[in-house]
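Below: the structure, in structure tokens.
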Amino acid sequence: MDKPATKIINRPKKKSIFKDRASWELLLLCLPALVGYVMFCYVPMVSGVVLPFKNYKFAKGIFGSPWCGLKNFEVLIKSSQMGRIMRNTVFYSIWFMIIGPVFNIIFALLLFEIKNRGALKFYQTVITFPNFMSMVIVGFITYAVLAPKMGLLDQVVRSFGGTPVDVYMEPKYWPAILTIVNVWKGVGMGSMMYFASLMGIDVSLYEAAKIDGANRWQQTWYISLTHLIPLVCIFTILACGSIFSGSFDLFYNIPRNVTILYETTDILNTYVYRMLQAGTYTQGVAVGFFQSVAGLILVVATNLIVRRISPENSLF
């Protein structure tokens, strides 16, 4: 018996990008953005790798300045302020890495329980709005609340017959203040990530849990929170890269750069800013180089730990 002849389909050949005029026109439209990206991102990146090991002289330029080895790093290590700065930077980073996801997950679970579509949109808008506010504006709002004599908190305390405290003269209050501001500003977008993940859960899982007699708390614990574990692992891995860094906007605008508060508000980023103001560019770049290398090592190490414990939740 003869085999049926196979039908040969002649597919049109794709044009090469070098011969397709339309592709060249699109590439030309992208060219200014690509040039700007290289100039303002990759060129400074190369300079940031070289400059920490140079005795920078403005007249000679970056590549013409003499090499100085690890001298810039030695100056930083021997600085009397480095112990306090490293303590604050690491403490706040780890604390925000813990407290942030906790509040984000709580708000996501609360939003997930709202069944009225109009109410859900209202609450989402309210908690997300601070994320779009500049930290400068948030700084002014914070000062309006905490300012001595004229601040809202000061007037409330006086109206109840209490003795107000000038928090801008007391460093011990600022870990709590910075935590509240950071959570208030970031909980909106942070909870949206977890809320979007919760919306992807199959409804049949909750229906099966109800049939088995699980109450609402058990459904939340064994279904909702379990579903969020991969997202928590990924965010934790990425957050570990910023343990030796911090939000400059938060630690500069909220305490208003008050010197007496440096004990609990000074971090590596604000220290670098002061060094740049003083003209010690190489030491500032050395700190940035250290932050980048340390962040890379921490991300890779954290991912290895997660991959060893739970391979399916690792980032790479």
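A few points about this structure:
- Relative contact order %, region 170-274, counting alpha carbon pairs below 8 Å whose residues are six or more apart: 44
- Legend: helices of the chain (whole DSSP H runs) are marked when their alpha-carbon atoms reach 15 angstrom or more along the helix axis and their mean Kyte-Doolittle hydropathy is at least 0.0; marked are 21-37, 82-113, 117-128, 135-146, 174-199, 225-240, 281-309.
- Label point distance in nm, Glu263-Ser134, each placed 7 Å from Cα along Cα→Cβ: 3.3
- Gain upon complete extension [Val203, Ser47; 0.36 nm per residue less C-alpha separation]: 50.9 nm
- Rounded to the nearest 20, the size of the Cβ-charge dipole of the chain about its Cα centre is 1060 debye, with Lys and Arg at +1 and Asp and Glu at -1.
- From the coordinates of this entry, P(r) over Cα pairs in 10 Å bins from 0, in percent is computed, and it appears in (1) 6, 26, 35, 26, 7, 0; (2) 5, 17, 22, 22, 18, 10, 4, 2, 1, 0, 0; (3) 6, 28, 36, 22, 6, 1 under the label (2).
- Fraction of accessible area attributable to carbon and sulfur, region 221-316 (%, probe 1.4 Å): 66
- A cut-off of 5 Å between modelled amide H atoms, ignoring neighbours fewer than 5 places along the same chain, links Lys54 with Cys68.
- Given Lys54/Lys78; Lys115/Lys210; Lys149/Lys185; Lys121/Lys185, the pairs whose alpha carbons are separated by over 24 Å: Lys149/Lys185
- Think of a 1.4 Å ball rolled over the protein heavy atoms: the chain then has 65 Å² of accessible area per residue.
- Annotation: peptides 31-43, 116-128, 98-110, 47-59, ranked by per-residue average of other Cβ atoms within 10 Å with the highest first, follow the order 98-110, 47-59, 116-128, 31-43.
- When both region 133-190 and region 283-316 are represented by their alpha-carbon centers, they are found 34 Å apart.
- Net charge of neighbours whose Cβ lies under 13 Å from the Cβ of Asn131, counting Lys and Arg as +1 and Asp and Glu as -1: 0
The values are calculated or read from the model by the stated rules, or taken from the named source; none is laboratory data. All of these numbers come straight from a predicted model, not from anything done at the bench. FYI the Cβ positions are ideal-geometry reconstructions off the backbone, even for glycines, and counts take in every protein chain you see. Accessible surface is based on the protein model in full, side chains and every heavy atom, while ligands, DNA and RNA are left aside. Shrake-Rupley method; radii C 1.70, N 1.55, O 1.52, S 1.80 Å.
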